[in-house]
Amino acid sequence: MPTEHGCRLYLITPENIPDVEAFARTLDEALAAGDVACLQLRLKGVDDATISAAVNKLMPVCHKRDVAFILNDRPDLAAQLGCDGVHVGPEDMPYDEAREIMGRDATVGVTCKDSRHVAMEVGEAGADYVAFGAFFPSSTKDDTTPVDIEVVEVWSETTNVPCVAIGGITVENCEPIVKAGADFIAVCGGIWNYAGGPAAAVRDFNAIFSKLR
């Protein structure tokens, strides 16, 4: 079932952030524009020092706005740097190992692609949320698994474990997924590449969420 606040935004950073200082300002403006549940830092092809520097710059921006800070792929760094949680995929690390590294109080989310079976297993094991997708073609990831909205409908009707919908979601196409019962909408390009800017995207997503609540 949806959270008590209805569907909420789950922001994902671009894979490359050439200027972290500038991105921090953009992020702050976006978070000030409306409700956002969390930000996932998802950097690819960079070293640990670059990830650490980005965490140290961006996490305070999130915490100032009461937004959780999630690190992608790296439970070891997430625990070391004091992140609020970690997100792992099937190729990264088993849920149990990630939980052991992060501890009981941290958020641990798991990519389940199109598999309710995998989602049920990790949900029963204690995952804080499961992520299904991609629902639409994504410019962020090439190796996506197409997922039908029915996955969200069935999941929301049969379990209380929150679910995140991800993959090519925009202001223009999100309504059916929100109506299906997604607790969170994960968005990358639909925020940072939005024609009116990231802050406008946050406002427009939240307007839709409010309308459908």
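Below are the figures for this structure:
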item	result
Percent of Cα pairs exceeding the 15 Å cut-off, where the set is segment 59-167	63
Low-density loop cleavage sites - GluC sites (Glu not before Pro) in segment 3-50, where at most 15 other Cβ are within 10 Å (DSSP)	4, 15
Likely footprinting exposure, 26, 145, fewest C-beta neighbours within 10 Å first	145, 26
Packing-based order for 48-58, 159-169, using average beta carbon neighbours within 10 Å, highest first	159-169, 48-58
Relative exposure of 74, 65, judged by other C-beta atoms within 10 Å (fewest first)	65, 74
Helix-only [θ]222 nm of the chain, DSSP H runs n ≥ 4, -39500 (n - 2.57) each, per residue, nearest 500	-12000 deg cm²/dmol
Count of lysine pairs in segment 8-212 with Cα separation under 21 Å (8 or more residues apart, or interchain)	6
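Every number in this text was worked out from the coordinates using simple rules, so none of it is lab data. Note that the structure is a prediction, hence the values are computed from the model and not measured. Because the Cβ atoms are built from the backbone with ideal geometry, glycine has one as well, and the counts that use them run over all protein chains shown.
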